[in-house]
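Q: Just passing along the structure, written as structure tokens.
Nothing in this text is a laboratory measurement; each read-out follows from the coordinates by a stated rule. Quick caveat: nothing in here was measured; it's all calculated off a predicted structure. Don't worry about glycine lacking a Cβ; one is built from the backbone with ideal geometry, like all the others, and counts go over all protein chains shown.
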Amino acid sequence: MSEKYIREKRRMELIGLEIPVISEGDNLGIEYLADLLSSYSLRDGDIVVVAETLISKLEGNTVKKEDVKLTPLAYELAEKLNKPPEVVQVILDEAKEIVKIGDGFIITETKHGFVCANSGVDESNIKDGIKPLPEDPDRSASILREMIERKTGKRIGVIISDSIGRPFRRGACGVAIGVSGISALWDRRGERDLFNRPLKSTEVAIGDELASAASILMGESNEGIPVVIVRNAPVPFGDGKGKDLIRSKEEDVFREDR
């Protein structure tokens, strides 16, 4: 019998970065973050994962409660959801469709096409306002990537991440809502497995997997790490988008009207 052994085959590194605190209303713009990250020793092939809260703050996409125009529906749902009517109104404003209203929760399809709780709207890590998702996460990811690559000369990928719940699973998990420079959905059909059998249905949500890995360092509380560098990830570079990960409504077998 041949000797059995274990050898290290691949290693991926996660590096959490603390950056100066950015407050809503600063409107510093994406280039501010690009300048900060360009001062870090990025390498070719690095993937920069950025929390969507930071992007929304940089782009000025936050809402003051006193500026929210309330509707009767917001007042009606606020009591049922146990949320301030201003927050409920922003949730409604960001929704393309209400999928489900339950006791204390609302599931919507956002204007981006994401199906999630509260349209991705929350008040966490923001001092005096309400924070919707970035208006166009793929565009924001692309702008940030192009700026960093121009400033550093390095080829990188960018992921904008958010934490959402998943059907039939408990707890929040990081997902990619914006992607640039790498494949978001890695189609491996036609490749061979260890026993030389062809893969017939394997599509890997690599954008979500990287966002989820980064979210361990980012945390969900007061960790203060809105940016994570993923180094040596075995991921193909390309023109992927966060929208590649959205299952179309025609493929959705779980909604009641399907």
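Q: Quick one: Karplus J couplings for the stretch 230-240, per residue in order, coefficients 6.51, -1.76, 1.60, θ = phi - 60°, nearest Hz, x for Gly and Pro?
A: For the stretch 230-240, the Karplus curve yields 9, 10, 6, 7, x, 10, x, 7, x, 9, x Hz.
Q: Taking the chain as a Gaussian network, Cα atoms linked when under 10 Å apart, which of 226, 132, 72 shows the biggest mean-square fluctuation?
A: The residue with the greatest mean-square fluctuation here is 72.
Q: Moving on to the next point. With the contact rule set at Cα under 8 Å and sequence spacing of 6 or more, what percent relative contact order holds for the chain? Please report the intermediate quantities before stating the final value.
A: Values: 502 pairs, mean separation 63.6, N = 258.
Relative contact order, the chain: 25 percent.
Q: Which ³J(HN,Hα) values in Hz, rounded to whole numbers, follow from the phi angles of the stretch 193-206 under the Karplus curve 6.51 cos²θ - 1.76 cosθ + 1.60, where θ = phi - 60° and Gly and Pro get x?
A: 7, 4, 10, 6, 8, x, 7, 9, 9, 8, 10, 9, 7, 5
Q: Amide H of residue 177 versus every other amide H placed in the peptide plane: which residues, excluding those fewer than 5 positions away on the same chain, fall under 5 Å?
A: 160, 161, 162
Q: While we're on this one: Is the stretch 119-232 best put as rounded, prolate or oblate by its Cα gyration tensor, with a ≥ b ≥ c the root eigenvalues, rounded for a/c under 1.5, and otherwise prolate when a/b is larger than b/c, oblate when not?
A: In terms of gyration-tensor shape, oblate.
Q: Cross-link candidates for residue 9: which lysines have Cα within less than 28 Å, leaving aside residues fewer than 8 places away along the same chain?
A: Answer for residue 9, where 28 Å is the Cα cut-off: 154, 200, listed by chain and number.
Q: Rounded to whole Hz and in sequence order, give me ³J(HN,Hα) for the stretch 36-48 from the Karplus expression 6.51 cos²θ - 1.76 cosθ + 1.60, θ = phi - 60°, writing x for Gly and Pro.
A: Once rounded to whole Hz, the list reads 4, 6, 5, 7, 8, 7, 6, 10, 4, x, 5, 10, 9.
Q: Rounded if a/c is under 1.5, else prolate if a/b beats b/c, else oblate: with a ≥ b ≥ c from the C-alpha gyration tensor eigenvalues square-rooted, which is the stretch 9-136?
A: Working: a/c = 2.82, a/b = 1.81, b/c = 1.56.
Prolate, since a/c reaches 1.5 and a/b exceeds b/c.
Q: Summing +1 for each Lys or Arg and -1 for each Asp or Glu, what net charge is found among the other residues whose Cβ lies under 13 Å from the Cβ of residue 212?
A: Net charge in that neighbourhood comes out at -2.
Q: Could I ask something else about it? Tell me the net charge near residue 230. Cut-off is 15 Å between Cβ atoms, residue 230 excluded, with +1 for each Lys or Arg and -1 for each Asp or Glu.
A: +2
Q: Another question, if that's okay. If you compute volume of the Cα convex hull per residue in Å³ for the structure shown, which of [x] 133; [y] 119; [z] 165 do you land on?
A: Answer label, from the structure shown: [z].
Q: A further question follows. Taking amide hydrogens as modeled 1.01 Å from N in the peptide plane, which residues meet the under 5 Å criterion relative to residue 136, leaving out close sequence neighbours?
A: Those lying under 5 Å, H to H, from residue 136: there are none.
Q: As a check on your grasp of the helix formula, calculate [θ] at 222 nm for the chain: sum -39500 (n - 2.57) over DSSP H runs of n ≥ 4, divide by the residue count, round to the nearest 500. List each step's numbers first, then the result.
A: On the way: 6 runs with 65 residues, N = 258.
Calculated from helices alone, the mean residue ellipticity at 222 nm is -7500 deg cm²/dmol.
Q: Shifting gears a bit: When the chain is modelled as a GNM with alpha-carbon springs shorter than 10 Å, which of 82, 61, 118 fluctuates the most?
A: So, out of 82, 61, 118, the one fluctuating most is 82.
Q: Can I ask one more? How many nm separate the modelled label positions at residue 139 and residue 154, each set 7 Å beyond the Cα in the direction of the Cβ?
A: Reported label-point gap for residue 139 and residue 154 is 2.8 nm.
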